[in-house]
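No lab work stands behind these numbers, since they all come straight from the coordinates. The structure displayed is predicted, hence computed values, not measured ones. Quick reminder, even Gly has a Cβ in these numbers, built from the backbone with ideal geometry, and neighbours come from all protein chains shown.
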Amino acid sequence: MATQVLADDICFGEGPRWHDDRFYFSDMHDHKVKTVTETGEVSSVVEVENRPSGLGWLPNGDLLIVSMLDRRILRFDGSVLSEHADLSKYAPFECNDMVVDASGRAFVGHFGFDLNGGASFNHASLIAVETNGTSRIVADHLSFPNGSVITPDGGTLVVAETFAGRLTAFDIVAQGELENRRPWAKLPDGTAPDGICLDAEGAIWVASPPTNECLRLAEGGEILERVQVDQGAYACMIGGVDAPVLFILTSPSSSPQECRTLRGARAETIPVSATGAGYP
C-alpha cells in the first residue's frame, strides 16, 4: 500500500508528535511548530527563531521545544514562549530530538560536531532536563543521538544512533539516570535511523532518510514491515483518532537553503495495525 500525502508545502519536517488527538511537527527551516488536521489543514502554533526540532509536553500541558541553534529548550504555555533550559554548556553544536517522559523529564540529543559546516565526526551525549530546568549528561559516546522513545512503563529508553546504524537501549533508574547500555537493534547496511516511534506490540518504527523508507523492527533487528516513500523519510509517529496511522515526515533534502527554496517536504500517512505506545 502506498502512502497518502496529508500536507505539503513544508520546508523540512521534524519532531512529529500525536497529542490530544492532533498531529504536531516542527517545520525546522520555516522556524515554526505546526499542527495538521486529519483532513490536511496546516496551522502554526508558535514561531521559534533558532530552528525548532524535538517536541514534548509537561504534565501541566506546556509545550517543550528544542531550539537547535542556540541549544536551548523553550517552553510555550499557549501564549508566552520562554526559556526552560540552556544546554549550551553540554552541547557544543546543535541540539536535536527529544523525548519527554510522564513526569516531564526531557532527554535531549545533540549533534556533537558541526555537521552542516563539514567538520569531522565527534561523539555526542544525551542530556536529561528536569521539570525545573536543571540539566546533566546521562549518557555519552553516542554516534549522533537522534530520535528516542520511552516504553510505557517508563523503564527503558531507546535512542537511534544515526551514524552507527543502530538503536541502543538503556534502563531508566532513579532520578532519570541511564544504566545497562545495550544494543536494541542493528539496522541493515545502507540505512540510517533518524526519527523513531514505538508501537503497542513492542516494535519500533524507524525512519531512514538514505533509503527513503520506514522500517518496523523487533528487538534484535528483525524487520517486520517496510514502508517505502519517494523521498527521504526523516521522522515518523503513530497517531489517528479512529484507527492507527503512521505519519511520516519526508523531504527531498535536508540542506537548510534547499529546503527553504524547494518547500518540497511532506507529511504522509499510511494505516498500520498497532497503535502507538510509550513516549513521545
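Values computed for the structure shown
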read-out: Residue within segment 121-128 that is under 16 Å from LEU217 (Cα atoms) and either touching a residue at least 60 places away in the same chain (Cβ under 8 Å) or hydrophobic (A, V, I, L, M, F, W, C) (or both) present; value: no
read-out: Strands (runs of 3 or more DSSP E) fully within segment 71-154 counting 2 or more residues that are exposed (fewer than 15 other Cβ atoms within 10 Å of the Cβ); value: 81-86, 135-142
read-out: Subset of segment 52-62 [surrounded by fewer than 22 Cβ atoms within 10 Å (Cβ to Cβ) and assigned to a strand (DSSP E or B)]; value: TRP57
read-out: Selection count where residues are part of a strand (DSSP E or B) and out of contact with any Cys (no Cβ under 6 Å at 6 or more places or on another chain), scope segment 18-39; value: 12
read-out: Subset of segment 216-225 [surrounded by 14 or more Cβ atoms within 10 Å (Cβ to Cβ) and part of a loop (DSSP other than H, G, I, E, B)]; value: ALA218, GLU219, GLY221
read-out: Enumeration of residues in segment 226-252 that are surrounded by fewer than 20 Cβ atoms within 10 Å (Cβ to Cβ) and either polar (S, T, N, Q) or free of Cβ contacts under 8 Å to residues at least 24 places away in the same chain (or both); value: ARG226, GLN228, ASP230, GLN231, ASP242, PRO252
read-out: Residues of segment 1-20 classified as of a type in the set (D, E, K, R), out of contact with any Pro (no Cβ under 6 Å at 6 or more places or on another chain) and touching a residue at least 60 places away in the same chain (Cβ under 8 Å), total; value: 3
read-out: Which numbered condition PRO183 fails, given (1) farther than 28 Å from PRO59 by Cα; (2) assigned to a helix (DSSP H, G or I); value: (2)
read-out: Pair list, Cβ < 9 Å and 6+ apart or interchain, from segment 186-198 residues that are at positive phi to residues that are surrounded by fewer than 24 Cβ atoms within 10 Å (Cβ to Cβ) and part of a loop (DSSP other than H, G, I, E, B); value: GLY190/GLY165
read-out: Tally, over segment 206-215, of residues that are without any contact (Cβ under 8 Å) to a residue 60 or more places away in the chain, outside any helix (DSSP H, G or I) and within 16 Å of the chain's Cα centre (by Cα); value: 5
read-out: Count - residues of segment 101-134 that are under 15 Å from the mean Cα position of the chain (by Cα) and β-branched (Val, Ile, Thr); value: 2
read-out: Hits in segment 8-26 - residues which are touching an Asp or Glu at 6+ places or on another chain (Cβ under 8 Å) and either surrounded by fewer than 21 Cβ atoms within 10 Å (Cβ to Cβ) or of a type outside the set (Val, Ile, Thr) (or both); value: CYS11, PHE12, GLY13, GLU14, GLY15, PHE23, PHE25, SER26
read-out: Any hit, segment 251-266, residues being within 15 Å of GLU14 (Cα to Cα), assigned to a strand (DSSP E or B), among the hydrophobic types (A, V, I, L, M, F, W, C) and in contact with a helix residue (DSSP H, G or I) (Cβ under 8 Å, 6 or more places away or on another chain); value: yes
read-out: Residue ID - farthest from the chain's Cα centre (by Cα), chosen from residues in segment 189-205 that are small (Gly, Ala, Ser) and closer than 19 Å to PRO145 by Cβ; value: ALA192
